[in-house]
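Enquirer: My structure is below; once you've seen it, I'll send some questions.
The values are calculated or read from the model by the stated rules, or taken from the named source; none is laboratory data. In this text, all values refer to a predicted model and were calculated from it rather than measured experimentally. When we count neighbours, we look across all protein chains shown, and the Cβ atoms used for this are built from the backbone with ideal geometry, even at glycine.
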Amino acid sequence: MYSYAVPPLPSIHCRDMAAKDEVMPKEKVVMYESPEAASLQTVTGWVDAGGRFWGKDEHMARYSGSTHRQCEQNPEHPIHTTGRGCPACHEERRAANFAAMPKRVWAGEPIIEYDGDRYFFDEDDLRDYLIEYEIDLAELKLVFCTPNYPSQIDPNDHFCDDLPEDGEISDDQLLAAFDLLNEMIRKSPPLSWSPGKEAVELPKTFIDMVIHERLEAQA
Ligand SMILES: [Zn+2]
């Protein structure tokens, strides 16, 4: 059998035992050897390719027993690995997101490939890449980056584990050192860059220059 009932536990404290014992019904005796204790039953359910029983859960049995499946959104898409999203759907969503982004003409700010992890920090960076790898300009998807600056440090937060409850740093020298540190942090250039939400439109002069250089390289 695949299900069994758990009898409710009697919630009686020891000192009440004697009093309650008389009114409690006597526990029924079921012999191990008796037909009442167990019976042979036929159970129907879903079993996956590895032999695991899933009961009524056909989906989980199929999910567990398969390696690939059809796309649920679009039957035209190629089959994909079970347990992962459809790569073709992912691609379509990414392309739609990019198409919906606001566009701005690039003036040499840090940018990154939309579907990659290659950063470009100036015109030379991008030009070299486009020429070296013969990237199709029509296929090129780039987005502007947003800067990640270092955060200032609050000394009371920083030492909160060591300070008494509701206590604060009172040492003026230590506070002055943190002030100086925070001043440097505020002046710091970005530590890193993250992909932003604006698409890059390459200036026509830049595109012309790349096309021109490619022609020259071929000649
Ligand atoms: Zn799909």
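Enquirer: List the number of the failed condition for Ala96; all other conditions in (1) within 16 Å of the ligand (Cβ to nearest atom); (2) in contact (Cβ under 8 Å) with a residue 12 or more places away in the chain; (3) under 30 Å from Asp208 (Cβ atoms) hold.
Expert: That leaves (2) as the condition not met.
Table: residues versus (1) part of a helix (DSSP H, G or I); (2) within 16 Å of the ligand (Cβ to nearest atom).
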{"residue": "Pro75", "(1), (2)": "no, yes"}
{"residue": "Ala88", "(1), (2)": "yes, yes"}
{"residue": "Asp117", "(1), (2)": "no, no"}
{"residue": "Leu130", "(1), (2)": "yes, no"}
{"residue": "Asp136", "(1), (2)": "no, no"}
{"residue": "Gln152", "(1), (2)": "no, no"}
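Enquirer: Separate question: Among (1) loosely packed, with under 14 Cβ neighbours inside 10 Å; (2) out of contact with any Pro (no Cβ under 9 Å at 6 or more places or on another chain); (3) not aliphatic (A, V, I, L, M), which single condition is Pro78 missing?
Expert: Single failed check for Pro78: (2).
Enquirer: Could you list, in sequence order, the residues of region 77-86 that are assigned to a strand (DSSP E or B) and more than 8 Å from the ligand (Cβ to nearest atom)? I'd like the intermediate steps shown before the answer.
Expert: Filtering region 77-86 down to residues assigned to a strand (DSSP E or B) leaves 80-81.
Thr81 - this is the single residue of region 77-86 that is assigned to a strand (DSSP E or B) and more than 8 Å from the ligand (Cβ to nearest atom).
Enquirer: Let me ask you something else. Within the group Leu130, Leu137, which residue is assigned by TED's automatic domain parsing to the domain that holds Pro195, surrounded by fewer than 14 Cβ atoms within 10 Å (Cβ to Cβ) and hydrophobic (A, V, I, L, M, F, W, C)? Spell out how you get there, then give the answer.
Expert: Working: Leu130 fails: surrounded by fewer than 14 Cβ atoms within 10 Å (Cβ to Cβ).
So the residue among Leu130, Leu137 that is assigned by TED's automatic domain parsing to the domain that holds Pro195, surrounded by fewer than 14 Cβ atoms within 10 Å (Cβ to Cβ) and hydrophobic (A, V, I, L, M, F, W, C) is Leu137.
Enquirer: Just need a number here: residues in region 167-194 that are more than 30 Å from Val143 (Cα to Cα) and either part of a helix (DSSP H, G or I) or small (Gly, Ala, Ser) (or both). Explain how you work it out, then say what you get.
Expert: Restricting attention to region 167-194, the residues satisfying the condition of being more than 30 Å from Val143 (Cα to Cα) are 167-183.
If we keep only those that are either part of a helix (DSSP H, G or I) or small (Gly, Ala, Ser) (or both) too, we end up with 167, 170, 172-183.
The number of residues fulfilling the criteria is 14.
Enquirer: Further, regarding this structure: Just give me the residues in region 48-73 being away from the ligand (no atom under 16 Å from the Cβ) and either outside any loop (DSSP other than H, G, I, E, B) or within 14 Å of Cys86 (Cβ to Cβ) (or both), in sequence order.
Expert: Listed by number, the residues that qualify are Phe53, Glu58, His59, Met60, Ala61, Arg62, Tyr63, Ser64, Gly65.
Enquirer: Shifting gears a bit: When region 171-212 is examined, which residues are found to be in contact with a strand residue (DSSP E or B) (Cβ under 7 Å, 6 or more places away or on another chain) and within 12 Å of Cys145 (Cα to Cα)? Don't jump to the end; show me each part of the working.
Expert: Within region 171-212, the subset in contact with a strand residue (DSSP E or B) (Cβ under 7 Å, 6 or more places away or on another chain) is 190-196, 198-201, 203.
Answer for region 171-212, where residues must be in contact with a strand residue (DSSP E or B) (Cβ under 7 Å, 6 or more places away or on another chain) and within 12 Å of Cys145 (Cα to Cα): Pro190, Ser192, Trp193, Ser194, Pro195, Gly196, Glu198, Ala199, Val200.
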